[in-house]
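**Student:** Provided herewith is a single structure, encoded as structure tokens, for subsequent inquiry.
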């Protein structure tokens with residue numbers, strides 16, 4: 001059974017899975033000025049973690 005705790009413990013693996021299985025959408029990064037990530041309460045945790053990852057790994 002997946003619990004909130006086990007989901008958070010495996011978040012890094014879940015995020016790596018997404019990045020490893022990404023397929024190009026054909027859009028150019030220069031076409032965008034902003035990215036909006038949303039969430040409320042617990043669902044906001046993923047947005048905060050993604051924001052921090054992008055901040056650390058993008059130009």
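Just so it is clear, none of the values below were taken in a lab; they were calculated from the coordinates. The structure presented is a predicted model; accordingly, all values stated were derived computationally and were not measured. So basically every Cβ, Gly included, is an ideal-geometry build from the backbone, and we count neighbours across all protein chains shown.
**Student:** Can you tell me the orientation of helix 43-57 relative to the chain, as the angle in degrees between its alpha-carbon axis and the longest Cα principal axis, to the nearest 10?
**Tutor:** Rounded to the nearest ten degrees, it is 50.
**Student:** While we're looking at this one, here's another question. Show me the ranking of peptides 22-30, 5-13 by mean Cβ neighbours inside 10 Å, starting with the highest.
**Tutor:** 5-13, 22-30
**Student:** Between helix 11-20 and the chain, what is the angle of the helix's C-alpha long axis to the longest principal axis, kept within 0 to 90° and rounded to the nearest 10?
**Tutor:** Rounded to the nearest ten degrees, it is 40.
**Student:** With the Cα gyration tensor of the chain in hand, give its eigenvalues times 5 under a square root as the equivalent ellipsoid semi-axes, listed largest first in whole angstrom.
**Tutor:** Those come to 24, 15, 10 Å.
**Student:** Label points 7 Å out from Cα along the Cβ direction at residue 23 and residue 53: separation in nm?
**Tutor:** Calculated label separation equals 2.0 nm.
**Student:** Would you mind computing, in nm to one decimal, how far apart the modelled labels at residue 35 and residue 5 are, each placed 7 Å from Cα along Cα→Cβ?
**Tutor:** Distance between the two pseudo-spin positions: 3.1 nm.
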